[in-house]
1. If you check Arg42, Arg36, Arg60, which single one turns out to be closer than 15 Å to Ala167 by Cβ, charged (D, E, K, R), out of contact with any Lys or Arg (no Cβ under 8 Å at 6 or more places or on another chain) and surrounded by 13 or more Cβ atoms within 10 Å (Cβ to Cβ)?
2. Quick check on this structure: which one of Val95, Val83, Val70 is surrounded by fewer than 18 Cβ atoms within 10 Å (Cβ to Cβ) and touching a strand residue (DSSP E or B) at 6+ places or on another chain (Cβ under 7 Å)?
3. Which pairs do you get when a residue that is within 21 Å of Phe134 (Cβ to Cβ), found in the stretch 63-88, comes within reach of a residue that is assigned to a strand (DSSP E or B) and modelled with pLDDT under 85, reach meaning Cβ atoms under 6 angstrom, with the pair 6+ apart or on two chains?
4. With the stretch 1-95 as the region, which helices (runs of 4 or more DSSP H) entirely inside it contain at least 1 residues that are over 25 Å from Val113 (Cβ atoms)?
Amino acid sequence: MNASGTWVLLTFAAICVATMLILLYLTEAGNILHQRIPDRPRRRLLIATTSFLIAFVGVRLAVVLVYFHVPPFGWVTVGSLHVHHLVWGILLLLVSGYGMVAEWGTRATPISVLASRVLSICYGVGAALTLDEFTMWLDIRDSTWTFQGRESIDAVVVFAALLAVGAWGAPMWTQRARKGKHKHAGKTVAR
């Protein structure tokens, strides 16, 4: 593997995970998150959304730096094969998906909460890496910097919106549904 590209990618991923965990454990942000969003699935969505957006911006910046040959940034290669970051994204999605299906991080213990947060971060970062190269899903070629590359940006915006609706918009929709259930024959029932 190209040492510089691999180390930059691994360092970036480690910095993303470490920064998110430090913010959640060593600052007041973790307490605020827990108090304001008491529902664990919504907290997981918020953490995934935040890590998704941070990773997407970071990966776009890294790709621009590689594209303009700014050292130490370089493509990750195995021999002469360029390994796209889509591959690392898929691997992260597989690992985090397995962890979520296996219900890692669903208990109330500190290790379980940590596992829940790490899985959420890995999911967000994996989704960002994968969706950044969305144009390659069906049309395998380097088209990130062409007009067709715009499709990747569109996919990222749509997915970020879905994550954000799940994290922030869900209470609005559930409250509207509850209000609709309390109406009978055109009259609103007092709560």
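The values are calculated or read from the model by the stated rules, or taken from the named source; none is laboratory data. Since the model is a prediction, treat every value here as computed from it, not as a measurement. Neighbour counts are summed over all protein chains in view; Cβ atoms, including those assigned to glycine, are modelled from backbone coordinates with ideal geometry.
1. Just a single option satisfies the conditions, and that option is Arg42.
2. Of Val95, Val83, Val70, the one residue that is surrounded by fewer than 18 Cβ atoms within 10 Å (Cβ to Cβ) and touching a strand residue (DSSP E or B) at 6+ places or on another chain (Cβ under 7 Å) is Val83.
3. Close Cβ pairs (under 6 Å, with a partner that is assigned to a strand (DSSP E or B) and modelled with pLDDT under 85) amount to Trp75/His82.
4. 3-26, 40-67
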